[in-house]
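Visitor: Please read through the structure below; I'll follow up with questions.
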Amino acid sequence: MSLVLRLISNLCSVKPWSRSISTRPRPLLTLALGTSLLLLNGCQTATDRLDQKLKLNVPVVQVFFAKYEDVEAALKLAMLKYPQRVDNTEAGIFESDYVKSDGRFKPPHKSIEYSSGYRYRILIRLVRGKTDSRSAVKVVVLKQIESVHDFFSEPGTLPSDGLEEEVILYRIGRELTINKALQRAAEKQNKKDKPAGDESTPAT
């Protein structure tokens, strides 16, 4: 950045008579300015993405191509650490109780200190479906954040950055992958254990 500033300063300090000597564009200066602007823009874009906030009550959604029962089982494993409030298997509804104190999620890329009144709930919906004759389940994860200032005032709502929702979906996908690997291992073992030529010999 300092190199670019020096180049700009030198260009601006050139006397009028020296500018008239050569009016051709300077490729090196143009390249340096362009590269610096791209780098600065890229850094700013990455920072903006990390600090971007979702709108209120906007869920994070992902579709898993697996049986409904498998996705439900993976969801329950992924949500073991959350206090349970609603677990309705038939309706495909899971809701956590308010997460407070040390149980609150903290992103790994930055340090955050929550106020004592910061709390939230995780609401998850499972929607059955099919895609190209394959079983599919849409998982909808919503994080409802509240900030309680004192005992008498109403809690205020806050937007989510979507990170914890993404982590939950990642855990569900990981559990599904582990489950598939275990099923395949069990199938291979069953084939090995199955005795060869178990068909009865026809009577003569």
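Visitor: (1) of a type in the set (A, V, I, L, M); (2) open to solvent by less than 70 Å² (accessible area, probe 1.4 Å); (3) at pLDDT 50 or above: which one isn't true of V4, the others all being true?
Guide: Checking V4 against (1) of a type in the set (A, V, I, L, M); (2) open to solvent by less than 70 Å² (accessible area, probe 1.4 Å); (3) at pLDDT 50 or above, the one that fails is (3).
Visitor: When you scan region 81-92, do you find a residue that is modelled with pLDDT under 90, surrounded by 12 or more Cβ atoms within 10 Å (Cβ to Cβ) and among the charged types (D, E, K, R), even just one?
Guide: Checked region 81-92: no residue is modelled with pLDDT under 90, surrounded by 12 or more Cβ atoms within 10 Å (Cβ to Cβ) and among the charged types (D, E, K, R).
Visitor: Would it be correct to say that D161 is surrounded by 14 or more Cβ atoms within 10 Å (Cβ to Cβ) and of a type in the set (D, E)?
Guide: For D161, the condition - surrounded by 14 or more Cβ atoms within 10 Å (Cβ to Cβ) and of a type in the set (D, E) - is met.
Visitor: So, one more: Can you find, within region 113-141, the residue that is nearest to the chain's Cα centre (by Cα) among those that are hydrophobic (A, V, I, L, M, F, W, C) and closer than 18 Å to T157 by Cβ? First the steps, then the outcome.
Guide: Pass one, region 113-141, residues hydrophobic (A, V, I, L, M, F, W, C): 122-124, 126-127, 136-137, 139-141.
Those left that are additionally closer than 18 Å to T157 by Cβ: 122-123, 141.
Numbers: I122: 14, L123: 16, V141: 11 Å.
Ranking the candidates gives V141 first.
Visitor: Restricting the search to region 60-119, which residues are part of a strand (DSSP E or B) and hydrophobic (A, V, I, L, M, F, W, C)?
Guide: Across region 60-119, the qualifying residues are V60, V61, V63, F64, V86, I93, F94, V99.
Matching residues to (1) out of contact with any strand residue (DSSP E or B) (no Cβ under 8 Å at 6 or more places or on another chain); (2) surrounded by 10 or more Cβ atoms within 10 Å (Cβ to Cβ); (3) at pLDDT 85 or above; (4) not in a helix (DSSP H, G or I):
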site: V127; (1), (2), (3), (4): no, yes, yes, yes
site: V139; (1), (2), (3), (4): no, yes, yes, yes
site: T177; (1), (2), (3), (4): yes, yes, yes, no
site: P195; (1), (2), (3), (4): yes, no, no, yes
site: A203; (1), (2), (3), (4): yes, no, no, yes
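Visitor: Yes or no: L123 farther than 22 Å from K81 by Cα and either at pLDDT 90 or above or in contact with a helix residue (DSSP H, G or I) (Cβ under 6 Å, 6 or more places away or on another chain) (or both)?
Guide: Working: farther than 22 Å from K81 by Cα: no; either at pLDDT 90 or above or in contact with a helix residue (DSSP H, G or I) (Cβ under 6 Å, 6 or more places away or on another chain) (or both): yes.
Criteria not met by L123.
Visitor: While we're here: Based on this model, can you work out whether E95 counts as out of contact with any Leu (no Cβ under 8 Å at 6 or more places or on another chain) and either open to solvent by 60 Å² or more (accessible area, probe 1.4 Å) or free of Cβ contacts under 8 Å to residues at least 60 places away in the same chain (or both)?
Guide: no
Visitor: Let me ask something additional. Name the single residue that is nearest to the chain's Cα centre (by Cα) among those in region 59-108 being of a type in the set (V, I, T) and within 14 Å of L169 (Cα to Cα).
Guide: The qualifying residue nearest to the chain's Cα centre (by Cα) is V60.
The values are calculated or read from the model by the stated rules, or taken from the named source; none is laboratory data. Keep in mind that this is a model prediction, so the values were computed, not measured. Counting neighbours? That spans all protein chains shown, and the Cβs are built from the backbone with ideal geometry, glycine included. Note: accessible area is taken over every heavy atom of the protein model, side chains too, but ligands, DNA and RNA are not part of it. Shrake-Rupley method; radii C 1.70, N 1.55, O 1.52, S 1.80 Å.
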